[in-house]
1. Would you pick out the residues in the stretch 12-28 that are farther than 24 Å from His121 by Cβ and either in a strand (DSSP E or B) or of a type in the set (S, T, N, Q) (or both)?
2. Where in the stretch 29-117 are the helices (runs of 4 or more DSSP H), entirely inside, with at least 2 residues that are under 15 Å from the mean Cα position of the chain (by Cα) and not aliphatic (A, V, I, L, M)?
3. Among what's in the stretch 193-211 and is more than 15 Å from Asp229 (Cβ to Cβ) and away from the ligand (no atom under 16 Å from the Cβ), pick the residue that is surrounded by the fewest Cβ atoms within 10 Å (Cβ to Cβ).
4. Ile154 versus (1) within 16 Å of the ligand (Cβ to nearest atom); (2) without any contact (Cβ under 8 Å) to a residue 40 or more places away in the chain: which is the lone unmet condition?
5. What's the number of the condition Ala32 fails, among (1) aliphatic (A, V, I, L, M); (2) at pLDDT below 95; (3) touching a strand residue (DSSP E or B) at 6+ places or on another chain (Cβ under 7 Å)?
6. Any residue in the stretch 69-85 that is within 11 Å of Ser35 (Cα to Cα) sitting within a Cβ distance under 6 Å of a residue that is modelled with pLDDT of 95 or more and surrounded by fewer than 17 Cβ atoms within 10 Å (Cβ to Cβ)? List the pairs, counting only those 6 or more apart or interchain.
7. Considering only the stretch 103-161, state which residues are under 21 Å from Thr7 (Cβ atoms) and among the β-branched types (Val, Ile, Thr).
8. Determine which member of the set Ala226, Ala214 is on the phi < 0 side of the Ramachandran plot, without any contact (Cβ under 8 Å) to a residue 40 or more places away in the chain and either buried (at least 20 other Cβ atoms within 10 Å of the Cβ) or in a loop (DSSP other than H, G, I, E, B) (or both).
Amino acid sequence: MRLEYATQSDTGRVRENNEDCFGAFVPDEEAALRSRGALFVVADGMGGHRGGEIASRIAVRTIGQAHADSDGVEPVEMLVNAFGEANAAIYEEASSDPGLMGMGTTCTALLLRGGHGHLAHVGDSRAYVRRGGVLRQITQDHSLVGEMVRSGIITDEDARTHPKRNVITRSLGVQESIETDTPDSPFVVEAGDTFLLCSDGLTSYAQDDDIDEALEGNSPVETCRALVDLANARGGRDNITLVVVIVHEP
Ligand code: CA
């Protein structure tokens, strides 16, 4: 399994700071890559001026560290424990500083190891896979509008413009404990699979067709650029963050 990947994070056209954070933890050494795998993370922080930035950075750092220490640990267990540690670290930091009270972050993590993929997810950032020319969203949004779409009250299209589209129903750091989704994990990864992790600064502007088109035939760098440009061209009211990974034959 050979990976080609790119990351991009953009403040957008309206906000002054970027509360998104991402990480690509890909060991250089073949042996470490085999035992730990490659980890990709996107986090979208929230909660006041400083809080959002701090929360998303704590999440990425904590999960990256858990990955670095994970030789021999079962991947899903590692991810769920790491999300728990990140949740506790953010919660503690928020409790110790009134200016940070209530801060939290979404977090979506993809670990590729030994021909398998493993996902962990909290919040409304997303993971998609494109396989055999078909794009599929793998994560479910933990948001009010996400729940309304799933129960058939509103459509995907309504969700994009709904006044309560920013209400997140699950995030790291806001409560003492966290329930982490691990959709489909572990799943078999095939050569040609393309993964996208992204914050809602992209998906509030880009529909599945836009994402599909940007992924088709493009390198990860080209896809990142195309989708950041698209979100900015359509308003760019939020921070935009993407990780794109293509799995090649070894
Ligand atoms: Ca956002």
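1. Answer for the stretch 12-28, where residues must be farther than 24 Å from His121 by Cβ and either in a strand (DSSP E or B) or of a type in the set (S, T, N, Q) (or both): just Asn17.
2. Correct list: 51-68.
3. The qualifying residue surrounded by the fewest Cβ atoms within 10 Å (Cβ to Cβ) is Asp209.
4. All conditions are met except number (1).
5. If we test Ala32 against (1) aliphatic (A, V, I, L, M); (2) at pLDDT below 95; (3) touching a strand residue (DSSP E or B) at 6+ places or on another chain (Cβ under 7 Å), just (3) comes out false.
6. Hits for this filter: zero, empty list.
7. Thr105, Thr106, Thr108, Val122, Val129, Ile138, Thr139 - these are the residues of the stretch 103-161 that are under 21 Å from Thr7 (Cβ atoms) and among the β-branched types (Val, Ile, Thr).
8. Ala214
The values are calculated or read from the model by the stated rules, or taken from the named source; none is laboratory data. Keep in mind that what you see is a predicted model, and the values were worked out from it rather than measured. Using ideal geometry, Cβ is built from the backbone for each residue, glycine included, and neighbour counts are taken over all protein chains shown.
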